[in-house]
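Data block below; observations after.
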Amino acid sequence: MAEITARRVGELERGVFKILLNEREGLPAHEVLQRMEKVVPPTAFEMSDYPNHPGIRRFEKMIRFATIGPVKAGWLVKDKGRWYLTEEGKKGYATFTDPEAFRRETSRLYYVWKGKHPKDTGDVADDEVLVTQSATDATSTFEEAEENAWSEIEQYVQAMPPYDLQKLVAALLRAMSYHVAWIAPPGPDKGIDILANIDPLGTSAPRIKVQVKRRADKITVDGLRSFMAVLGDQDVGIFVSTGGFTSDAESEARTKETRKLTLLDLEKLVDLWVSNYSKIEDSEKRLLPLKPVYYLAPDR
């Protein structure tokens, strides 16, 4: 049986960190795994398939399993199929340059976390488990299921007709107890896609103005300021962009002068849709139909 040493696990961990080190917004998990092929070339054992699961290679599964420690250490974050490093993770990468020392530290932090969560079963962080780990290991299966689900949702929304996306945002506002007064018809919108109020008659301030953009690229600070220009003193704004916002635009939205503005990227929009799904009208759920699937979730 092949031996997986602490050094080798540390090499896999540090390889992931090397790839993510300068990626401020992280990378999709599948891209990290692809790049690992060159950054930390797999051994012959790692290139082999699981005996009972032909076509499923050990290498990618081992990387997922090896990164449990860094996640529990608070050094690595995995969210909706995207992996990124925390500031502590970057410091850890710079401090523990030896792969074996790096692995020892992430394992130590894993067990510190474990001690604070005694009721959580989780996965054993021992390196030997990597040798016999099943291709259907609960942790990696759960992780990949999340990634696949998010990828499908993302593709679905990005392919949605712009006017349907406006209707989706309006349906969400209604589910959140706001009163939608107007949705812009297809065509030029003059900067406003939806008008909503906090009361049925629209007599109470503030009035809510919403801009909805379905796009792949990020909204820049200039695009944000164009929307802000249509906000009056008694207005609050919600800017929805499926492509997200540049760091400059996000910084602008956080300033004291613009605190009446809320930015929603695709992740925040979907999270709100999910959390309010039970209150959305059945006829409007079809805009983004979701079905929860319940199964035993491993502690990650």
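The values are calculated or read from the model by the stated rules, or taken from the named source; none is laboratory data. Remember, it's a predicted structure, so these values are computed and weren't measured experimentally. Neighbour counts are summed over all protein chains in view; Cβ atoms, including those assigned to glycine, are modelled from backbone coordinates with ideal geometry. Surface areas here come from the heavy atoms of the whole protein model, side chains and all, with no ligands, DNA or RNA. Shrake-Rupley method; radii C 1.70, N 1.55, O 1.52, S 1.80 Å.
Starting from 0.36 nm per residue, how many nanometres of slack lie between Thr203 and Tyr294 once their C-alpha separation is accounted for?
28.4 nm
Measure nothing but the geometry: give the 0 to 90° angle between the long axis through the Cα atoms of 99-116 and the longest principal axis through the Cα atoms of the chain, rounded to 10°.
For helix 99-116, the angle is close to 60 degrees.
What residues from the stretch 80-100 fall in the zone where the backbone N is under 11 Å from a label point 7 Å along the Cα-to-C-beta line of Val274?
Those under the cut-off are 80-81.
Using a 1.4 angstrom probe and counting only protein chains, how large is the accessible area of Ser275 in Å², to 10?
80 Å²
Which label marks the calculated value of mean projected area of the Cα convex hull in nm², given the options (i) 21.8; (ii) 18.8; (iii) 14.0?
Given (i) 21.8; (ii) 18.8; (iii) 14.0, the calculated one carries the label (ii).
Over the chain, give the accessible area per residue in Å² for a 1.4 Å probe, as an integer.
Result: 53 Å² of accessible area for each residue.
Which percent, nearest 5, of DSSP beta bridges in the stretch 141-300 are antiparallel?
Around 35 percent antiparallel, to the nearest 5.
If you take every DSSP beta bridge whose two residues both sit in the chain, what share of them, in percent to the nearest 5, is antiparallel?
The antiparallel fraction comes to roughly 55 percent.
Relative contact order for the chain: what is it in percent, counting Cα pairs under 8 Å that are at least 6 residues apart?
16 percent.
For the pair Asp49 and Lys285, how long in nm is the line joining their label points, each one 7 Å along Cα→Cβ?
Distance between label points: 4.0 nm.
Taking the full set of protein chains and a 1.4 angstrom probe, give the accessible area of Asp217 in square angstrom, rounded to the nearest 10.
Taking all protein chains as shown, Asp217 has close to 80 Å².
Could you compute the FRET efficiency for Gln155 and Thr255, with r as their C-beta to C-beta distance and R0 at 30 Å, rounded to 0.05?
Efficiency for this residue pair is about 0.35.
If I fit a long axis through the Cα atoms of helix 29-39 and take the longest principal axis of the Cα atoms of the chain, what angle between them do I get, 0 to 90°, rounded to 10?
Relative to the chain, helix 29-39 is tipped by roughly 40 degrees.
Over the heavy atoms of Phe45, what accessible area does a 1.4 Å probe trace out, to the nearest 10 Å²?
Surface accessible to solvent at Phe45 totals approximately 50 Å².
Compute the long axis of helix 6-20 from its Cα atoms, compare it with the longest principal axis of the Cα atoms of the chain, and write down the angle in degrees, 0 to 90, nearest 10.
In the chain, helix 6-20 runs at an angle near 30 degrees to the longest axis.
Extension gain Met176-Ala101, at 0.36 nm per residue separation less the Cα-Cα distance, in nm?
Separation in residues times 0.36 nm, less the Cα-Cα distance, equals 22.0 nm.
Take the chain, connect every pair of alpha-carbon atoms lying under 10 Å apart with a spring to form a Gaussian network, then pick out the residue of Pro28, Pro42, Pro185 with the largest mean-square fluctuation.
Answer for the Gaussian network model of the chain: Pro185.
Only helical DSSP H runs with n ≥ 4 go in: add -39500 (n - 2.57) per run for the chain, normalise by residue count and round the 222 nm mean residue ellipticity to 500 deg cm²/dmol.
Roughly -14000 deg cm²/dmol at 222 nm, from the helical runs in the chain.
Shape verdict for the stretch 175-300, please, from the Cα gyration tensor: rounded (a/c under 1.5), prolate (a/b greater than b/c) or oblate.
Because a/c hits 1.5 or more and a/b fails to exceed b/c, the stretch 175-300 counts as oblate.
For Ala94 and Lys116 in one chain, what is 0.36 nm times their gap in residues minus the Cα-Cα distance, to one decimal in nm?
My answer for the length gained is 5.3 nm.
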